[in-house]
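Peer 1: This is the structure I have questions about; it appears just below.
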Amino acid sequence: MLDVEVLTPEGEVFNGEVRQLSTRTEVGEIGILANHAPVLGALLPTTLRLHVSDSETKRYAQSHGWLQVFDNTARVLVEEAVAPEDLDAGALKEELSDAERRLSESESGSAEWSRAVKDKQRAETFLSIAQG
């Protein structure tokens, strides 16, 4: 088994043993099992899947952040980790529209543009998760 901690600025979202952790880094999907080699990776918005047992998988809408794997422990440090049933599709559509507007109004490569890109990625992913 693999010890997993999922942490956000608001606090701990999950802490326990899992068979496998599945997420998305900037270079692609990754699955972490017990005794995995050390990893440090930047995370993109996706569905974080924690396979607690053969019959139970906990899912979270994961925002940008970091994954650290060392000594049979995985730490997922993200801005947000939200249960799919707690997502508000209406609010996410508004956030997506706002991010798209800011993206079109900002200069490519600027700090405002970069933030809008991240916000758009998050809103699109969370909306997709909310809609099933």
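Bear in mind that the values in this text are calculations on the coordinates, not laboratory data. Small disclaimer: the values here were computed from a predicted structure and weren't measured. Methodologically, a virtual Cβ is constructed for each residue, glycine included, from the backbone with ideal geometry; neighbour enumeration extends over all protein chains shown.
Peer 1: Highest GNM mean-square fluctuation, the chain, Cα pairs closer than 10 Å: which of ASP54, ASP98, ASP88?
Peer 2: The residue with the greatest mean-square fluctuation here is ASP54.
Peer 1: Something else about it: Suppose we flag GluC sites (Glu not before Pro) only when DSSP calls them loop and at most 11 other Cβ atoms lie within 10 Å. Which is the longest uninterrupted stretch of the chain?
Peer 2: Counting only loop sites that pass the neighbour cut-off, the longest clear stretch is 57-106.
Peer 1: Measure nothing fancy, just the Cα-based angle from helix 89-105's long axis to the longest principal axis of the chain, in degrees from 0 to 90, nearest 10.
Peer 2: Between helix and principal axis, roughly 60 degrees.
Peer 1: Next up: Mind listing the phi-derived Karplus ³J(HN,Hα) values for region 6-23, rounded to whole Hz, using 6.51, -1.76 and 1.60 with θ = phi - 60°, and x for any glycine or proline?
Peer 2: 3J(HN,Hα) across region 6-23, in whole Hz: 10, 10, 10, x, 7, x, 6, 9, 8, 8, x, 8, 9, 7, 7, 10, 10, 8.
Peer 1: Turning to a different aspect of this structure: In percent, how large is the relative contact order of region 88-130, given Cα pairs closer than 8 Å and 6 or more residues apart?
Peer 2: 50
Peer 1: In whole Å, what is the distance between the alpha-carbon centres of region 49-84 and region 33-48?
Peer 2: 8
Peer 1: How large is ³J(HN,Hα), in whole Hz, for each residue of region 111-119 in order, when computed from phi with the Karplus curve 6.51 cos²θ - 1.76 cosθ + 1.60 and θ = phi - 60°, using x for Gly and Pro?
Peer 2: 4, 4, 5, 4, 5, 5, 4, 4, 5
Peer 1: A further question follows. How high is the relative contact order of the chain, in percent, counting Cα pairs under 8 Å that sit 6 or more residues apart?
Peer 2: 22
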